[in-house]
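Below: one structure, written as structure tokens.
The values are calculated or read from the model by the stated rules, or taken from the named source; none is laboratory data. Keep in mind that this is a model prediction, so the values were computed, not measured. We place every Cβ from the backbone using ideal geometry, glycine too, and count neighbours over all the protein chains shown. Please note that ligands, DNA and RNA were not included when accessible areas were found on the heavy atoms of the full protein model with its side chains. Shrake-Rupley method; radii C 1.70, N 1.55, O 1.52, S 1.80 Å.
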Amino acid sequence: MTVLSVAAVTAPGPASAPSLVQSVDWLALAPVVIPAAVALVVLVADLFTAPKHKPLLGWLSVAGLAAAVATLLPLRAGDHATFCLTGDAAACSYTADHFALVVQFLVLAGALVTALLSVTAVHETRMPAGEYWFLLLSSAAGAALLPAARDLATLIVALEVASLPAFALVGMRRGDRLSSEAALKFFLSSVTATAVSLLGVSFVYATTGSLHLTQVADRLEDVPAQLDTLAMAGVALTLVGFAFKTAAVPFHFWVPDTYVGAPLPIAGYLSVIGKAVGFTGLILVTVIAFPAYSEIWGPALAVLAALTMTVGNVAALRQAADRANSAVRLLAWSSVGQAGYLLVPIAAAAYTERDQIGSTVAYALMYGAVNLGAFAVAALVARTKPLHRIDDYRGLYAERPLTALTMAFFLLCLAGLPPGIIGLFAKVTVFRSAVDAGLGWLAVVMAVNVVIALYYYLRWTALLFRPAATGDAGAGQAPAASPAPWPVTVAILLTGVTALVLSGAPQLVLRFASGSLFPQ
């Protein structure tokens, strides 16, 4: 482990005074520092790179993200903490524990798949390569920082570092009205949610006098009566920004238009990494910082979970009713419904002493691989059918048999049906967390929504194997399929193989996701 000691200049004091020497654990910081450093290198290199060599910037970004994922391996040996208070060694701003490493793996691996999808897209759509890769790497660095953040200031900074580049990425298709409108809507709504969260953080700080999560938790256990209302308001407002990132109802309105207007790789990135950021923040502030006010955030998150899964699935059902509708918009509403399932274990954590957070993380891992795979297939289909209609997938099996089978597998995983065992396993795990917490009504709502979702997932799956309609290319014969770019093929293979392996051994997900995420 590489450790750099930085001596602080202090006035002479007694020998017993605490040392103000800070040790920076650069190995623990590597998953965050590497994408950030490569982002700066790419931005500078773009100034001196000839247009014909711009694709090299994409491959440099892919290599940087792969290196960041690799640095997670040596961190598995134990917890690593840095930037700790000199008077309280347990209060640290950055902790690379098991929970942080699992979420960092999800974030960085998801960003790596997004980068593979983007290599071809950036070149063919003539988006500015240097800006695109700088923004993607910067957002990935912020998303990797957030799960290891252990104070409210670092959490908010990480949230914004992950979000601000995403606004620009959504609007990267210059001259595209939908892209510009999506970026503006995403920006304005996100800034509003962040402002509300900052107000909540200020209330929490005024109540406790600290921003470190562990200290906030201790001091909220014994809040003076005159500050109790302020503390409750701070807890509620702080959750707003993270609820926005998770696309929880009623903070979901930006999702459909943003996904449709964004480049497809970025829509997939937001559906997985954006949600991972929001759910991680919710877990950290609720389970670590605000357990004393679980009677406030527990019922609130349970209601949000029920509303989110219901609104998302009903809207997706309506979207699937007409095959002329957008497939990307259907995936957007589907992601809202999936966010409702992800909220269930967090809400359940307020009602039981058992560690329920592993269920959310396990579901997020499954959802990340499967949903990014679905967007990868959508990116391949969009090469010949750029309107992104649901009907564009009709007859895909005749055109690209392996791609159609892979897409069908992804959809069955999202639906929770065999052979997508990993989807079924994840849903059962989430369902059990609600039952164990005594939230029977929420378990019933989830069961009803799973049945609703079956319709549009199975409808889309069946469409893949139906013959092409009269008037389509080939009039019932298999049309000539253009060769798929190999980076897109690799992305589909990576996500498909991951989902297949996990369906064969679903217990690996829960074992990897759980394991003393937080001390009880």
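What to note about this one:
- Only Lys, Arg (+1) and Asp, Glu (-1) charged, at Cβ; the chain dipole about Cα centre in debye: 1640 debye
- A simple packing score, the average count of other Cβ atoms within 10 Å per residue, orders the peptides 194-202, 364-372 as 364-372, 194-202, with the highest score first.
- With respect to the chain, whose longest principal axis is taken over its alpha-carbon atoms, helix 152-170 is tilted by about 20°.
- Each residue of the range 276-416 gets 99 Å³ once the volume of the Cα convex hull is shared out per residue.
- Rolling a 1.4 Å probe over the heavy atoms of the protein chains gives the chain an accessible area of 39 Å² per residue.
- Cα gyration tensor of the range 318-384 - equivalent ellipsoid semi-axes, whole Å, descending: 31, 15, 5
- Annotation: amide H-H contacts under 5 Å for Ala468 (H modelled 1.01 Å from N, sequence separation of 5 or more, or interchain): Gly476.
- For a straight C-alpha distance cut-off of 16 angstrom, the lysines reachable from Lys275 (same-chain residues fewer than eight places away being disregarded) are Lys245.
- Net charge of neighbours whose Cβ lies under 15 Å from the Cβ of Gly416, counting Lys and Arg as +1 and Asp and Glu as -1: +2
- By the helix-only formula, in which each DSSP H run with n ≥ 4 contributes -39500 (n - 2.57) and the sum is divided by residues, the chain has a 222 nm mean residue ellipticity of -22000 deg cm²/dmol.
- The apolar share of the surface of the chain, taken as the fraction of accessible area on carbon and sulfur atoms (1.4 Å probe, ligands and nucleic acids excluded), comes to 68 percent.
- Lone cysteines, the chain (no partner Cβ under 4.7 Å): Cys413
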